[in-house]
Amino acid sequence: MSIWWVLAIISGIGLVGRNILFKMSGDKIDGSVAALVLSLSMSAIAIGYYLFQRTSAKLPLIPHDQNPQGLMLACIAGISLAAANIFLAYTYKAGGGAALTAIIQNGVSLGLTILIGSLLLGEVVRPMQMLGIGATIIGTFLIIRG
């Protein structure tokens, strides 16, 4: 049995920290400063993890033969995440609460990821999963409507 879903839950817990703490910081500092500090701290952790992973596995620090398309896609993903965090900072500054903002942000992300995953990546969503997705979308709508 694969544990990918456990890792996804842990990743989601990390996003809880980002959502709550980023909202709290935005109440105390400028949104652009908050987005910059968030990105710099993420970079520091990513660099530390990269160095640890490469050295502990006795791998070269700069891997040979990297696929240019893979590098470009990772770069675009980083740009996308930076934009998401900048807009999140301004969402909080504009008065968005952490809970409802997270629901809207994750709902949009969920819907678009499923759509793009199905259309472009050929991922299959089974009927029972579609029911769950539908229930999630309806639940998100009801939560937002209050």
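All of the numbers you see were taken from the coordinates with simple rules; none came from a lab. Computed from a prediction, not measured in an experiment: that's the story for all the values here. No Cβ is skipped: glycine too gets one built from the backbone with ideal geometry, and neighbour counts run over all protein chains shown.
Before moving on, here are some points about what is shown:
- By the count of neighbouring beta-carbon atoms within 10 Å, fewest first, ILE86, ILE10 end up ordered ILE10, ILE86.
- Full extension of the chain between LEU121 and ALA74 gives 15.3 nm of extra length, using 0.36 nm per residue less the Cα-Cα distance.
- Listed candidates (i) 1.24; (ii) 1.29; (iii) 1.34 - label of the one calculated as Cα Rg over 2.2 N^0.38 Å: (i)
- In the chain, the calculated helix contribution to ellipticity at 222 nm averages -28000 deg cm²/dmol per residue, counting -39,500 (n - 2.57) for every DSSP H run with n ≥ 4.
- When each of the peptides 68-76, 133-141 is scored by how many other beta carbons lie within 10 Å of its residues on average, the order from highest to lowest is 133-141, 68-76.
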